[in-house]
Amino acid sequence: MAAYGGGGTRWRRTERRDYGKMAAPAGRGGARLRLRCSPGAGRGGAGRGGLGRAGSAASGSKGVAGERRRMEGGERLLPKGFPKLKNDTFLRAARGEETEHTPVWCMRQAGRYLPEFRETRAGQDFFATCRSPKLCCELTLQPLRRFPLDAAIIFSDILVVPQALGMEVVMVPGKGPTFTEPLKEVEDLLKLRQKVDVTAELGYVFQAITLTRHSLEGRVPLIGFSGAPWTLMSYMIEGGGSTTMAKAKSWLYRHPEASHRLLQLLADVITDYLVGQVAAGAQALQLFESHAGHLGPEQFQDFALPYIRDIAQAVKSRLKEEALPLVPMIIFAKDAHYALRDLARAGYEVVGLDWTIRPQEARAQTGKDITLQGNLDPCALYAPKEKIGELVKKMLEGFGTQRYIANLGHGLYPDMSPEHVGAFVEAVHAHSRHINKHS
């Protein structure tokens with residue numbers, strides 16, 4: 001998951017865009033693997049150990065080349081003929097199956113802490129980067145070249161959904177993402193697109209997923225994601241980040257009916273968007289309710305949880321109807337400890353946790369039929385490597401090594417050391433294998 005940002009103009013009714021043009025990535029990083037973002041990545045020669053040849057074996061004698069379709073300005077791979085998955089540990093854990101080691105990935109694992117990420121992004125407008133499938137693919141693969149992660153997450157941003165509704169975001173230096181014209185009055189809802197063609201508006205994300213899935217060559221599964229309705233609504237009303245979310249919360253009290261209309265509109269678009277990501281090749285989905293902690297239990301029950309439930313139900317129903325894979329879904333509602341029991345019954349295979357709850361307490365609230373994900377304090381990665389190992393061991397002992405996916409309690413920070421991220425990943429694998437061997 002990316003940090004938020006972007007650029008553009010004011011309210012707009014956008015025309016269909018050409019997302020076929022893919023800018024070449026500016027930087028390369030890491031030496032562990034030579035995964036490349038290329039329309040021919042699945043056909044051969046891209047990496048050591050035969051990684052580049054996986055696609056041709058999976059898709060027949062003509063390989064991925066036979067799956068291509070011409071687009072104006074370039075070529076695009078189609079979402080089929082994907083290379084066979086080699087490491088399914090993450091998916092097995094998400095589904096509650098036994099694993100030899102605990103899988104691990106990090107939120108914002110494609111981020112500014114990596115020098116190659118900064119090199120690739122240098123001079124690039126944020127949302128222009130998000131609209132380039134090839135750049136998104138490159139950024140997604142960079143941490144996989146460095147670390148033995150068990151999953152990749154597509155480089156994108158949760159604010160592409162408000163953009164699809166017709167809003168515009170700019171990145172203001174020193175401030176962060178800013179909506180040029182946030183929602184102020186109920187009448188402003190009329191400015192939003194009431195019906196969104198996600199293929200037309202967000203097709204660049206789908207293309208990035210397909211390209212990345214092929215370019216991963218089956219190394220690990222690929223996660224797609226979206227922001228949840230309340231989190232997106234709060235950005236759209238606040239106009240950016242906020243410590244109190246007072247403007248957005250005032251809508252819940254002053255305009256409850258209009259709030260529900262907006263939340264339902266967002267839920268409908270998010271459902272289409274997530275289904276489209278699976279159709280494009282995503283093998284798991286995460287819903288980020290990042291601003292859950294700004295709501296009390298009653299408001300969460302009224303304005304967040306119903307839409308979280310509806311999205312899970314609608315996505316799974318649509319996947320069945322369209323004969324698409326029933327991928328595992330993850331809900332991450334930051335600071336919503338009061339709702340863990342409800343979230344465990346909301347239709348998601350995995351519940352993500354921040355670092356402010358003890359593993360044993362989370363297990364007690366969610367029960368034995370849910371996989372948990374998290375929840376090391378991101379700031380623990382500032383500790384010496386030996387201390388990181390100790391904290392990981394304690395975390396694994398608290399959660400147990402089964403029905404568990406190791407992660408941080410939030411995203412990686414820009415000033416973190418890649419070496420310490422690597423120490424975290426390797427400690428999860430080493431300690432979980434040791435625990436499993438002696439249990």
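The values are calculated or read from the model by the stated rules, or taken from the named source; none is laboratory data. Predicted model, so just to flag it, every value in this text is computed and none were measured. FYI the Cβ positions are ideal-geometry reconstructions off the backbone, even for glycines, and counts take in every protein chain you see. Just the protein is used for accessible areas: all its heavy atoms, side chains included, with ligands, DNA and RNA removed. Shrake-Rupley method; radii C 1.70, N 1.55, O 1.52, S 1.80 Å.
Structure data summary
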quantity: Area accessible to solvent at C379, 1.4 Å probe radius, in Å²; calculated: 60 Å²
quantity: Accessible-area composition of the range 245-380, carbon plus sulfur, in percent [1.4 Å probe]; calculated: 50 percent
quantity: Accessible-area value, D188, 1.4 Å probe, nucleic acids and ligands omitted, Å²; calculated: 20 Å²
quantity: Local net charge near G240, Cβ-Cβ under 11 Å (Lys/Arg +1, Asp/Glu -1); calculated: +1
quantity: The range 284-318-the range 216-248 distance, computed between alpha-carbon centres (Å); calculated: 12 Å
quantity: Accessible surface of the range 157-238, 1.4 Å probe, proportion on carbon and sulfur as whole %; calculated: 56 percent
quantity: Extent along principal axes [Cα atoms of the range 228-289; Å; largest to smallest]; calculated: 40, 25, 14
quantity: Set of lysines with alpha-carbon distance to K247 below 23 Å, sequence-local pairs under 8 removed; calculated: K175, K184, K191, K334
quantity: Extended-chain gain in nm, criterion 0.36 nm per residue less alpha-carbon gap, K195 and E321; calculated: 43.3 nm
quantity: Three-way shape label, the range 313-406, alpha-carbon gyration tensor, a/c 1.5; calculated: prolate
quantity: H420 - accessible surface, heavy atoms, 1.4 Å probe, Å² rounded to 10; calculated: 40 Å²
quantity: Cβ-Cβ FRET estimate between D415 and E119, R0 fixed at 22 Å, reported to 0.05; calculated: 0.85
quantity: Inter-label distance, nm, simple model (7 Å from Cα along the C-beta direction), S439/K385; calculated: 2.7 nm
quantity: Label-point separation, E185 to E397 (7 Å along Cα→Cβ), nm; calculated: 6.1 nm
quantity: Ratio Rg/Rh [Cα only; Rh per Kirkwood] for the range 214-336; calculated: 1.02
